[in-house]
1. Rounded to the nearest 500, what is the chain's calculated 222 nm mean residue ellipticity when only DSSP H runs of at least 4 contribute -39500 (n - 2.57) each, over all residues?
2. With everything on Cα atoms, drop me the angle between helix 215-230 and the longest principal axis of the chain, reported from 0 to 90° to the nearest 10.
3. Pairs of alpha-carbon atoms within less than 8 angstrom and 6+ residues apart define the contacts here; what relative contact order does the stretch 1-156 have, in percent?
4. Please compute the modelled spin-label separation between S169 and K277, points set 7 Å along Cα→Cβ, answer in nm with one decimal.
5. Can you give me the angle between helix 73-83 and the longest principal axis of the chain, using Cα atoms only, in degrees from 0 to 90, rounded to the nearest 10?
6. Just the ratio, please: alpha-carbon radius of gyration of the chain over 2.2 N^0.38 Å, N its number of residues.
7. Tell me, what are the semi-axes, in whole angstrom and largest first, of the equivalent ellipsoid of the stretch 84-152 as set by the roots of 5 times the Cα gyration tensor eigenvalues?
8. Could you do me a favour and compute the accessible area per residue for the chain, 1.4 Å probe, result in Å²?
Amino acid sequence: DNKISNGCILWPDDPSQKIYRRSLHIRKVLEAAIENDTVEVYYQPIVDVSDGRPCMLEALARLRDNDGSFIPPDQFITIAEQSGLIYRLQQCILDKICIFCRDKLTALPQNPIDRVHVNLSVLECMQPDMADRILNTIERNGLPPKLFSLELTERMALVTPELMKHHMSVLTNRGVSFSLDDYGTGNANISYIIEYNFDTIKFDRSLMHAFFTNEKAHHIIGREFLIIKDLGLNVIAEGIETEEEMLTLKEHHIQFIQGYYYSRPIPPDECIAYLEKFS
Ligand code: C2E
Ligand code: CA
Ligand code: CA
Ligand code: CA
């Protein structure tokens, strides 16, 4: 019993219809969450392997469906970008992060965290007032800009290099730093290291997996670690899940590690409880 609508036959079990309905649904949930300020932010520690202490956090957005389950960030971020909700969403997320830093993190008697990583959407970077908006939000909450590192991916190629460099120089002059995220997943990554002022390179989980399991990859990536350190940049290894992986990286003098081995992304209160153990 196919329905005829706008002259099109809609197959009730057509997978493209399912995907379309799903994305409409996510868009509705997202819009309501922005409206009601119920978008959540979880935090994943980044650990200094030399002493085993957390020294940075990555903020990761979380959106709950009506039944309480989580909608994967990759899905709702994409839908936010396609629907234009991304600007309001990112502002919501940055507000939440700043309030957490102001009221919880910097209120710790001994805060071990000196940097909070925030994921940016490339669409934000296309906005001429992006740097001012971010600085305003940080300073409105009385936080030092040097507390923040902004994570960008190779999708930044969508922005003209002139505009991107303008944003980066305005922000770095005020103390905000930049990390190249998902290093090793694109094909033009080296050119970003050369062209832009990143102070940290985050090696993607897939690249780290190759490093641990493939001999050729092990040699190449091992050399990349050295080159990046020679350039005076930090390396963060992502997606580390076992003690063995951690120990291998320690042998290679990798200082910063992020992954389930230390902690999954956790809600703000749990994060503070975790950090209190290290104060
Ligand atoms: P990402 O920036 O590469 O974030 C790291 C992802 O890896 C997170 O997934 C994290 O939960 C996961 N992860 C961390 N350690 C491990 C591990 O040891 N093993 C495995 N298997 N996974 C690990 P998550 O939270 O699902 O986020 C997915 C992506 O969504 C992020 O990838 C980022 O691109 C995007 N995203 C998340 N929050 C935001 C946001 O506030 N703004 C924007 N624009 N994008 C965001
Ligand atoms: Ca990231
Ligand atoms: Ca990443
Ligand atoms: Ca990723």
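The values are calculated or read from the model by the stated rules, or taken from the named source; none is laboratory data. All values reported here derive from a predicted model rather than from experimental measurement. Note: ideal-geometry Cβ built from the backbone for every residue, glycine included; neighbour counts use all protein chains shown. Ligands, DNA and RNA are stripped out before the accessible areas are found, and what is left, the full protein with its side chains, is counted by its heavy atoms. Shrake-Rupley method; radii C 1.70, N 1.55, O 1.52, S 1.80 Å.
1. Using -39500 (n - 2.57) per qualifying helix, the result is -14000 deg cm²/dmol.
2. The angle comes out at about 70 degrees.
3. With pairs under 8 Å counted, the relative contact order is 20 percent.
4. If labels sit at K277 and S169, their model points lie 4.6 nm apart.
5. The helix 73-83 is inclined about 50 degrees to the chain.
6. 1.09
7. Result for the stretch 84-152: semi-axes of 23, 11, 11 Å.
8. 52
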